1. Can you tell me the accessible area per residue over the stretch 84-134, all protein chains present, probe 1.4 angstrom, in square angstrom?
2. With θ taken as phi - 60° and the coefficients 6.51, -1.76 and 1.60, list the Karplus ³J(HN,Hα) couplings across the stretch 104-113 in order, rounded to whole Hz; mark glycine and proline as x.
3. With a/c under 1.5 counting as rounded, go ahead and sort the stretch 50-174 into rounded, prolate or oblate using the C-alpha gyration tensor (a ≥ b ≥ c being the square roots of the eigenvalues; past the cut-off, prolate if a/b is larger than b/c, else oblate).
4. Skipping prolines and chain starts, which residues have an amide H placed within reach, meaning under 5 Å, of the one on Leu183, given they are 5 or more residues away or on another chain?
Amino acid sequence: MITKAYKTIVRIGVFSLLFPLSSLLFTSCSDMLETDSSNQNIEPEITSKTDSLFYAFGILQAMQQLADQYVFQGEMRGDLVQPTAYADSMLTQLYDFSAKTNNKYDSAYVYYRVINNCNYYIKNRKTDLYKGSTNVAINEDVAVKAIRAWAYLQLARNYGSVPFFTEPLTQISTIDNNTFPELDIYGIASELTADRKS
């Protein structure tokens, strides 16, 4: 009698375990692939109170891509590093200041990518957006202006006088037919002084 009751309990237990599993196995997977979510932001707007953070993250991503080059430039041109015979020839060029325009560790492009993203953000971001009495845009705006200033000053430190612009470049023709002034580190500092006051 006990054995029969035991077998019945075991059968019920196994059935109760298998039923939820079988219901998962036989349901359609199409629902799982649906991405209707109010938390997902497909096309963020730079003029909204919160979406501009996506643009700021884009600038920080460009800064991360710049970081490797920045470290290589600083270390290879310093006094404490000397390349071995097995070092990459482009690193050796950095070390002896003979880097050419094709050197993958020495490109002004990565700095200008950061600068242009910052210019786009500064031009298009509204800074008068409030939540209650708190300005929700001011911290991002200050950070982006600081990043742009840093990138320009590093450019000038590495390359001397460099083309200076504060408008976002969104068309190739603007780049090809530019009349940007070439400024040294002092000229850039003077031009960007207004950012500290705003």
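1. Details: 3260 Å² over 51 residues.
Spelled out: the 1.4 Å probe surface of the stretch 84-134, per residue, equals 64 Å².
2. For the stretch 104-113, the Karplus-derived couplings read 6, 9, 9, 10, 6, 4, 5, 6, 5, 5 Hz, x marking Gly and Pro.
3. prolate
4. Val162, Phe164
The values are calculated or read from the model by the stated rules, or taken from the named source; none is laboratory data. Quick caveat: nothing in here was measured; it's all calculated off a predicted structure. Areas reflect the complete protein model, heavy atoms only, side chains present, ligands, DNA and RNA absent. Shrake-Rupley method; radii C 1.70, N 1.55, O 1.52, S 1.80 Å.
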